[in-house]
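We did not get these values from a lab; they are worked out from the coordinates using the rules stated. Quick caveat, the model's predicted, so the values are computed rather than measured. Cβ coordinates were reconstructed from backbone atoms using ideal geometry, including for glycine residues, and neighbour counts include every protein chain displayed.
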Amino acid sequence: MATFLFSDIIVGPITSRRLGASLGVNLLPAKRKICSFDCIYCECGFNPPKGTPPADFPETAGVVSLLEIKLKELAAEGKNPDVITFAGNGEPTMHPAFAEIIDETVRLRNIYCPNTRIAVLSNTTRIHLPHVFNALLKVDDNILKLDSALPETIQKINVPAKAFDLNRTINYLKRFAGKVIIQTLFVKGNVDGVPVDNTADAEVVAWTNLVKEIAPREVMIYPIARDTPVKSLEKPSPEKMNEIAERLKQVGIPVRVTL
Ligand code: SF4
């Protein structure tokens, strides 16, 4: 299966490996990835090459209107989703009206499907911005990426577009005071001949200690599941994933493993 970009703003509901019946909201342009990371495993493929003309983010009023139409339709059919999930073609917090859209989503959810959760999958690069931080505090599942405790591994796996300040990120992750879920993708392989492996013992020890320090509500760990832009990547074995989960459990952190 090739890497994949969404052409719609509202997607699904689809059955998510981790979240259940998920109504997706893609705040990024249609068929265009925009992300402040360029992860080697990204299911959307790589960011467009430098010099590619910019694409517009979808208009706020249009997003809210499409979401309302869909939620109304699902409520009428008795098929409310388990979760409304902000993910899509890149980093959702990069939408200039992200905070306003979250407020509107909370309002619509409360009207049409009060038992549905709201989740944001974000890569953490913008959590230091007050409007992003405060918006993430308003959602039920604030799911933030932390693939390694080691800056050099983050550089290799997540390939940040700008300098990534891990210490600042950790400080903000702690400021959520437990209202955060850490998501970590485990992977091994090599990129242009350079080995990458966040399942190695030293990696897992450092990551476990850091997660303990952040004290999230929960941790979600998962391997690659679909095609990736770097072809040499391997999926860690179920035994390795369970071993990593066990280390977290031993330090008292609830963990959900997707195999
Ligand atoms: S943070 Fe998510 S969208 Fe961005 S490059 Fe990584 S996997 Fe892709």
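What the table shows:
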read-out	value
Complete set of residues in region 21-44 that are among the small types (Gly, Ala, Ser) and under 15 Å from the mean Cα position of the chain (by Cα)	Ser22, Gly24, Ser36
Condition check for Glu203: surrounded by 13 or more Cβ atoms within 10 Å (Cβ to Cβ), part of a helix (DSSP H, G or I) and more than 21 Å from the chain's Cα centre (by Cα)	no
All positions within region 133-166 that are over 24 Å from Ile244 (Cα atoms), loosely packed, with under 15 Cβ neighbours inside 10 Å and not charged (D, E, K, R)	Asn134, Leu137, Ala161, Ala163
Filter pass, Glu91 being without any contact (Cβ under 8 Å) to a residue 40 or more places away in the chain and under 21 Å from Ser7 (Cα atoms)	no
Pair list, Cβ < 8 Å and 6+ apart or interchain, from region 41-60 residues that are among the aliphatic types (A, V, I, L, M) to residues that are assigned to a loop (DSSP other than H, G, I, E, B) and crowded, with 16+ Cβ neighbours inside 10 Å	Ala55/Pro29; Ala55/Arg32
Selected residue (only one of Ala119, Ala149, Ala177 is touching a helix residue (DSSP H, G or I) at 6+ places or on another chain (Cβ under 6 Å) and either farther than 25 Å from Asn198 by Cα or more than 15 Å from the ligand (Cβ to nearest atom) (or both))	Ala149
Residue in region 66-76 that is away from the ligand (no atom under 16 Å from the Cβ), in contact (Cβ under 8 Å) with a residue 24 or more places away in the chain and buried (at least 22 other Cβ atoms within 10 Å of the Cβ) present	yes
Only one of Ala215, Ala225 that is surrounded by fewer than 19 Cβ atoms within 10 Å (Cβ to Cβ), under 19 Å from Leu144 (Cβ atoms) and within 20 Å of the chain's Cα centre (by Cα)	Ala215
Cβ-Cβ under 7 Å pairs, at least 6 apart or on other chains, region 141-155 side within 19 Å of Leu19 (Cβ to Cβ), far side surrounded by fewer than 21 Cβ atoms within 10 Å (Cβ to Cβ) and charged (D, E, K, R)	Asp141/Arg117; Asn142/Lys179
Residue, farthest from the ligand (Cβ to nearest atom), within region 18-64, restricted to residues that are surrounded by 14 or more Cβ atoms within 10 Å (Cβ to Cβ) and hydroxyl-bearing (Ser, Thr, Tyr)	Thr60
Count - residues of region 100-117 that are surrounded by fewer than 20 Cβ atoms within 10 Å (Cβ to Cβ) and closer than 17 Å to Lys179 by Cα	2
Qualifying position, being touching a helix residue (DSSP H, G or I) at 6+ places or on another chain (Cβ under 9 Å), farther than 22 Å from Lys174 by Cβ and either part of a loop (DSSP other than H, G, I, E, B) or not polar (S, T, N, Q) (or both), among Phe86, Phe133	Phe86
Any hit, region 167-174, residues being in contact (Cβ under 8 Å) with a residue 40 or more places away in the chain, farther than 23 Å from Ala225 by Cβ, loosely packed, with under 15 Cβ neighbours inside 10 Å and away from the ligand (no atom under 13 Å from the Cβ)	yes
Among (1) out of contact with any Asp or Glu (no Cβ under 8 Å at 6 or more places or on another chain); (2) without any contact (Cβ under 8 Å) to a residue 60 or more places away in the chain; (3) over 30 Å from Lys138 (Cα atoms); (4) not in a strand (DSSP E or B) - the single one Pro195 does not satisfy	(4)
